[in-house]
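K.L.:
Before I ask anything, let me first share the structure, which is written out below as structure tokens.
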Amino acid sequence: MKSKPMESKKGSRRVRLVQFAGRTGGRDYQGRSWVYMLLSGQTRGLSLGVNLSPSGVCDYRCPYCDTPKATALDLVPVDVPGLASELEATLEFIASGQVLRQPGYSRFPPELLSLRQVMLSGEGEPTLCPNFVDVVETLVHARSRGRYPFFKLVLETNGSGLERPEVQQALELFIERDEVWVKLDAGTDQQFQFMSGVDLPFSGVLSRILELGRRRPVVIQSLFARVNGSPPTGCEIDAYLGRLSQLQEQGAVIQRVQIHSVMNSIASSRCSHLPLASLSEIARLVRRKVGVEAEVF
Ligand code: SF4
């Protein structure tokens, strides 16, 4: 799953973090293997990410994804002691204010450079990580020691691995303020199969979101794009809104919906950026017809 880098205005200059050297899709590893920093549009501030899938293993093939995809055979367990050490060093880097003097970051206002969250994310699908529970335990342990200001945990997932016992076990460690962001880019089987790039049943995804949403609030993350030059049709948007309503009626709690589009930098001939006005209209419909908070980033 991919978070979107943020732009900032200082004076009249717009600064795009993704342009900085050593970054992957806006992610700043600074020589680390597992932990990166990201100024994220979703959180309007600084996030730390934990890359649970360095080889880019994902069971989806979204047509807009810019990460080369590996197969399940390339699954690599996270080096948990290495991750813990990188996490500690990066938390210290932020808490001590060193980040404020870092080239590139110094042009952002300090209030954007306090830590908002630690994300379980990566170049591929994080819930496929073979030692997912160990990683979550490490993050929870780092937080519970209280050496740094509180940070919430966010799992950003396509939802395919939510049923795995080890993922369920790990989610038991999440507290109320932690969040799970699940991808839902479609309202119909056909749309789902195009947007995910795989021939999996849409009903399976919906039932996993439902199960999760009955246990804890879920954040829905939805990408809309022009497909072969055409925006989503009214029928497709209605079907999407209908799925959200249905999930709620069946007992899922949807905390909010995040609406976004393909970045221009990775647009392809099949999927390209949908203008802000269209995204805002979809968000308005979510608020009005589903009754859930919706934001565009
Ligand atoms: S779910 Fe889609 S966007 Fe996310 S990593 Fe997999 S292929 Fe890329």
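K.L.:
Could you please find all residues in the stretch 108-125 being within 16 Å of the ligand (Cβ to nearest atom) and assigned to a loop (DSSP other than H, G, I, E, B)? Give the derivation first.
P.N.:
Filtering the stretch 108-125 down to residues within 16 Å of the ligand (Cβ to nearest atom) leaves 119-125.
Correct list: Gly122, Glu123, Gly124, Glu125.
K.L.:
Next question, about the same structure. Among Val180, Val167, which is the only one that is buried (at least 18 other Cβ atoms within 10 Å of the Cβ) and part of a helix (DSSP H, G or I)? Please lay out each step first, then the result.
P.N.:
On the way: Val180 fails: part of a helix (DSSP H, G or I).
After ruling out the rest, the residue left standing is Val167.
K.L.:
Can you tell me which residue is surrounded by the fewest Cβ atoms within 10 Å (Cβ to Cβ) among those in the stretch 214-265 that are small (Gly, Ala, Ser) and within 20 Å of Glu295 (Cβ to Cβ)?
P.N.:
So in the stretch 214-265, the residues small (Gly, Ala, Ser) come out as 222, 225, 229-230, 234, 239, 242, 245, 251-252, 261, 265.
Within this subset, residues satisfying the condition of being within 20 Å of Glu295 (Cβ to Cβ) are 222, 225, 245, 252, 261.
Values: Ser222: 23, Ala225: 22, Ser245: 16, Ala252: 21, Ser261: 24.
Across the stretch 214-265, the extreme among qualifying residues is Ser245.
K.L.:
Check whether at least one residue in the stretch 78-91 is at pLDDT below 85, closer than 19 Å to Val133 by Cα and not hydroxyl-bearing (Ser, Thr, Tyr), and report yes or no. Full working, then the answer.
P.N.:
The first filter runs over the stretch 78-91 and keeps only residues at pLDDT below 85, leaving none.
No, the conditions are met nowhere in the stretch 78-91.
K.L.:
Could you check the stretch 161-192 and list, in sequence order, the residues that are under 25 Å from Cys62 (Cα atoms) and under 14 Å from the mean Cα position of the chain (by Cα)?
P.N.:
Passing the criteria: Glu179, Val180, Trp181, Val182, Lys183, Leu184, Asp185.
K.L.:
Same structure again: Within the stretch 35-45, count every residue that is outside any loop (DSSP other than H, G, I, E, B), away from the ligand (no atom under 16 Å from the Cβ) and at pLDDT below 90. I'd like the intermediate steps shown before the answer.
P.N.:
Of the stretch 35-45, the ones outside any loop (DSSP other than H, G, I, E, B) are 35-40, 45.
So of that shortlist, the ones also away from the ligand (no atom under 16 Å from the Cβ) come out as 35, 37, 39, 45.
Narrowing further to those that are at pLDDT below 90: 39, 45.
Qualifying residue count for the region: 2.
K.L.:
Restrict the check to the stretch 203-220 and report whether at least one residue is assigned to a loop (DSSP other than H, G, I, E, B) and either at pLDDT below 95 or among the polar types (S, T, N, Q) (or both). Spell out the reasoning first.
P.N.:
First, pick out the residues of the stretch 203-220 that are assigned to a loop (DSSP other than H, G, I, E, B): 216-217.
Restricting the remaining residues to those that are either at pLDDT below 95 or among the polar types (S, T, N, Q) (or both) gives none.
The answer is no, given that none of the residues of the stretch 203-220 is assigned to a loop (DSSP other than H, G, I, E, B) and either at pLDDT below 95 or among the polar types (S, T, N, Q) (or both).
K.L.:
Moving on to the next point. Check whether at least one residue in the stretch 95-111 is modelled with pLDDT under 85, under 20 Å from the mean Cα position of the chain (by Cα) and not assigned by TED's automatic domain parsing to the domain that holds Val198, and report yes or no.
P.N.:
The answer is no; no qualifying residue exists.
K.L.:
Please work out if Leu206 is away from the ligand (no atom under 14 Å from the Cβ), surrounded by 16 or more Cβ atoms within 10 Å (Cβ to Cβ) and assigned by TED's automatic domain parsing to the domain that holds Val136.
P.N.:
no
Every residue, every condition in (1) of a type outside the set (Gly, Ala, Ser); (2) surrounded by fewer than 21 Cβ atoms within 10 Å (Cβ to Cβ); (3) part of a loop (DSSP other than H, G, I, E, B); (4) more than 13 Å from the ligand (Cβ to nearest atom), yes or no:
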residue	(1), (2), (3), (4)
Ser53	no, no, yes, no
Thr67	yes, yes, yes, no
Gly82	no, yes, no, yes
Leu91	yes, yes, no, yes
Thr127	yes, no, no, no
Asp134	yes, yes, no, yes
Leu139	yes, no, no, yes
Arg143	yes, yes, no, yes
Tyr148	yes, yes, yes, yes
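K.L.:
Let me ask something additional. Determine whether Gly197 is on the phi > 0 side of the Ramachandran plot and within 15 Å of the ligand (Cβ to nearest atom).
P.N.:
Numbers: on the phi > 0 side of the Ramachandran plot: yes; within 15 Å of the ligand (Cβ to nearest atom): yes.
Answer is yes for this residue.
K.L.:
If you take the residues of the stretch 185-213 that are touching a Phe, Trp or Tyr at 6+ places or on another chain (Cβ under 8 Å) and without any contact (Cβ under 8 Å) to a residue 24 or more places away in the chain, which of them is farthest from Gln246 (Cα to Cα)?
P.N.:
Among those residues, the one meeting the criterion is Gln193.
The values are calculated or read from the model by the stated rules, or taken from the named source; none is laboratory data. The structure displayed is predicted, hence computed values, not measured ones. For neighbour counting, all protein chains shown are included, and Cβ atoms are generated from backbone atoms with ideal geometry for every residue, glycine included.
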